[in-house]
Amino acid sequence: MTVNGGELLARALAEAGTTEVFTLHGGHLDAFLVACRRNGIRLTDTRHEATAGHAADAYARVTGTYGVCVVTSGPGFTNVYTALTNALLDRTPTIFVVGAPPMRETETNPLQGGFDQIAAATPVTKWAYRITDPARVPEIVALAIRKATTGIPGPVLLEVPIDVMFGEADENAVRFPANYTVDARPGPTASAVEAALDVLGEANNPAIVIGGGVTFSRAGEALVAFAEAVDVPVFYPGKSDGAIPASHRLAGGGLLAIGSLPALGQPTPDVVLIVGARAGMFTGGRTSLFPGARLIQIDVDASEIGRMQDVEVPILADCREALIALKTAADQHQWPDWRTWVEAATSAKHAHVHGFTDEQTQTGKAHPYFAARAIVEACPPGTTFVMDGAEAPSWGEFFTTTEQVGGVLRLGYLGCLGVGPGFAIGAHRARPESPVVLITGDGAAGFHIQEFDTMARHGIPVVTVVFNNAVWGMSIHGQEAVYGDEGIVVSELADSAYEKVAEAFGGYGERVKDVASIADAMKRAFDAGVPACINVEVDPHVVHPITTMMLGDVTSTDEIVVPYYENIPR
C-alpha cells in the first residue's frame with residue numbers, strides 16, 4: 001500500500017499534536033491540504049503569506065508550544081520571509097513548510113523556481129532542509145519540531161518539492177517517530193544557585209526582569225513562586241506579559257515602568273536577576289536601564305550571558321528549572337525586608353497618569369492617551385491585546401494588562417509593522433474563548449488590511465482599533481525633532497475610511513471622533529460578532545514619550561544626531 005508525501009506530512013504533524021495550520025493556497029501544497037481534514041488539522045488560509053507566518057508565530061507565543069505555517073513556492077516563500085525573520089529574532093518556535101518545483105526540473109527555469117530557497121532561508125532560521133524522499137517526511141518533521149522547540153527556540157523551514165509532496169512511498173517503509181518532542185530542560189548547578197542567592201541577599205533594591213525564555217519554558221508558576229519567596233518585584237519589558245499576572249502585588253510592569261523609576265526619584269535596581277531576557281533594545285541597549293547593577297543572568301544560551309554588561313553570576317539553564325531550584329534553595333534563607341522598595345517599584349507602572357492631565361489638543365481631535373485608556377477600559381476581562389505600529393500601540397501600552405501568558409503581543413526586535421492581523425488571527429486560534437483586540441496605527445494598518453476578509457471567512461471576530469492621525473507618527477515626530485518642519489518627507493498619510501474596508505470584507509465598521517464615544521463604539525464592535533474596525537480620529541501633534549526617549553539628545557552640538565540609535569561622536 002502506498003501513501004503520498006502530502007498525506008505523510010499531515011499525518012506526521014497530527015501525530016505530533018498539531019491541530020492548527022496557517023496557510024495560503026498553492027498547487028504545490030494540494031496533496032497536503034486535502035489530507036489535513038482527515039487528519040484533524042484545521043486550515044486557516046490568509047490573504048498574504050506573511051500573515052500566515054505571523055499567525056503561526058503568535059499561536060506559538062500564546063500556547064507556549066510551536067506554530068505551523070505552510071506556503072507555496074517562489075513568491076509564497078519570499079512573502080513569508082519577513083515572518084521567518086521576525087520569528088528568528090524573537091526566538092519563536094515556528095515550523096515553516098514551503099513548496100518547490102520538481103527536483104527533476106532544476107535549472108529548467110520552471111514556474112516559481114530558479115533560486116535556492118534553502119540557501120535563502122538559512123540565515124533566518126535555526127535549520128532549513130529540503131526533503132527529497134516521501135518516505136522520510138515523518139522523521140524529518142519530528143527532527144524539525146525538536147530543533148524548533150529545544151535549546152534556543154526559533155523557526156525552522158522544510159522545503160517539500162512537488163514531486164515529493166505528490167510522490168508515493170511504500171507505507172511499510174515509512175517510520176513514524178515515537179518522539180516528536182523531547183522535554184529537554186537543563187538545570188542549574190547548585191553552586192550557581194547559591195551564588196545567585198548570596199548576591200540577591202545583599203541587594204537594597206533588587207529586581208527580576210523576565211523575557212521570552214520564561215514564556216517558552218512555561219515557567220510562569222515557578223517564577224511567581226520564587227518571586228513570592230524572596231519578595232522581589234518582577235518587570236516584563238518584552239515578550240513575557242502574563243507570566244506573572246498583572247494584578248499580582250509584585251508585578252512591576254514593562255519597559256516604560258522601568259524607565260520611569262529615575263524620573264520618580266526612585267533608585268534603579270542594584271541587583272537584577274535576568275530570566276530568559278536578552279540584553280538589547282528592551283533593556284536600554286548599551287547604556288542599560290540598570291546602570292551599576294550587579295547582574296545575575298539565567299539563559300539557555302551561553303552566548304547571551306554578558307552580551308552588553310558583565311554578569312556576576314551566570315546560570316546556564318532552562319528558566320523553569322532554574323527558578324524551581326532557586327525557590328527550593330531560597331526557602332532555606334532569611335530575606336531582607338524589601339517592602340518599601342517593592343511598593344515604590346511596582347507603583348512606577350502608574351506614573352504615566354501624572355504626565356497627561358489635559359485632554360485638549362491642537363486640532364480638537366482625540367488625545368491618543370485618553371483614547372487608549374477608553375479603548376482598554378471598554379474591553380472585557382481576559383481580552384488578548386495585539387499591538388501593532390509605533391506610537392499607536394505605545395499609547396495602549398500604558399493601559400493593557402493581562403493575567404495570562406500571551407495576553408499581550410507586540411512588535412519585537414525586528415520592529416516589524418504589519419504583524420497585527422496575523423498575530424490577532426493566531427491568538428484567536430490559540431485561545432478562542434478570549435476576545436482579541438488589535439490596537440494599530442493607521443500606517444501599520446495598511447500593510448495587511450485585506451486580512452479583514454480572512455477574519456470574516458473564518459469567523460474570527462477580532463476588534464481592530466485604528467489610531468488615525470493621517471501620519472506615520474513616530475516617523476514624522478522624529479523628522480520634526482531633528483530637522484524641523486522642512487524635514488517632513490514621505491511621512492504623511494490620507495485620512496482614510498479604514499472602517500469601510502472592514503465593512504466591504506463582511507465586517508463591522510465605525511468612525512469615532514471623540515473619546516466620549518469610544519466606549520459605546522467598542523461595545524457595538526464586540527456585539528457585532530464579526531471582525532470589526534473602529535477608526536478613531538486622533539491628534540497628529542501629540543508626541544509619545546517613547547519617541548522622545550528613542551530620539552535621544554537632538555540638541556547635541558558635538559555629535560551627529562542619529563534617530564533611534566546612539567548619536568555618533570564628531
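Points worth noting:
- G412 outside any strand (DSSP E or B) and buried (at least 24 other Cβ atoms within 10 Å of the Cβ): no
- Residues in segment 59-73 include at least one that is farther than 14 Å from V156 by Cβ and aromatic (F, W, Y).
- Checklist (1) part of a strand (DSSP E or B); (2) surrounded by 23 or more Cβ atoms within 10 Å (Cβ to Cβ); (3) out of contact with any His (no Cβ under 6 Å at 6 or more places or on another chain) applied to V141, failing item: (1)
- Of all residue pairs spaced 6 or more apart or on separate chains, those with beta-carbon atoms under 6 Å, a first member in segment 446-474 that is over 17 Å from P540 (Cβ atoms) and a second member that is surrounded by 19 or more Cβ atoms within 10 Å (Cβ to Cβ) and of a type in the set (S, T, Y) are H448/T51; E451/T51; T454/T46; H458/T44.
- Scanning segment 341-361 for residues that are over 17 Å from A374 (Cα atoms), aromatic (F, W, Y) and free of Cβ contacts under 8 Å to residues at least 40 places away in the same chain yields a count of 0.
- Residue in segment 301-309 that is touching a Pro at 6+ places or on another chain (Cβ under 8 Å), assigned by TED's automatic domain parsing to the domain that holds R278 and part of a loop (DSSP other than H, G, I, E, B) present: yes
- Meets criteria (surrounded by fewer than 14 Cβ atoms within 10 Å (Cβ to Cβ) and within 30 Å of E537 (Cβ to Cβ)) for Q334: no
- Scanning segment 364-386 for residues that are in contact with a strand residue (DSSP E or B) (Cβ under 9 Å, 6 or more places away or on another chain), part of a loop (DSSP other than H, G, I, E, B) and closer than 19 Å to G473 by Cβ turns up K365, H367.
- Restricting the search to helices (runs of 4 or more DSSP H) fully inside segment 186-255 and requiring at least 1 residues that are under 21 Å from the mean Cα position of the chain (by Cα) and under 28 Å from T63 (Cα atoms) gives 212-216, 220-230.
- Filtering segment 240-280 to residues that are under 17 Å from Q297 (Cα atoms) and in contact (Cβ under 8 Å) with a residue 40 or more places away in the chain leaves S240, P269, D270, V271, V272, L273, I274, V275, G276, A277, R278, G280.
- Options F96, F77; residue that is part of a strand (DSSP E or B) and either closer than 29 Å to G415 by Cβ or of a type in the set (G, A, S) (or both): F96
- Restricting segment 458-489 to residues that are assigned to a helix (DSSP H, G or I) and among the β-branched types (V, I, T) leaves a set whose member that is farthest from the chain's Cα centre (by Cα) is V482.
- Only listed residue being among the β-branched types (V, I, T), at pLDDT below 95 and at negative phi, chosen from V437, V463, V482: V482
- Among the residues of segment 415-455, those identified as hydrophobic (A, V, I, L, M, F, W, C), assigned to a loop (DSSP other than H, G, I, E, B), touching a helix residue (DSSP H, G or I) at 6+ places or on another chain (Cβ under 7 Å) and within 16 Å of N86 (Cβ to Cβ) are C416, L417, V419.
The values are calculated or read from the model by the stated rules, or taken from the named source; none is laboratory data. All figures in this text were calculated on a predicted structure; none of them were measured in a lab. Cβ coordinates were reconstructed from backbone atoms using ideal geometry, including for glycine residues, and neighbour counts include every protein chain displayed.
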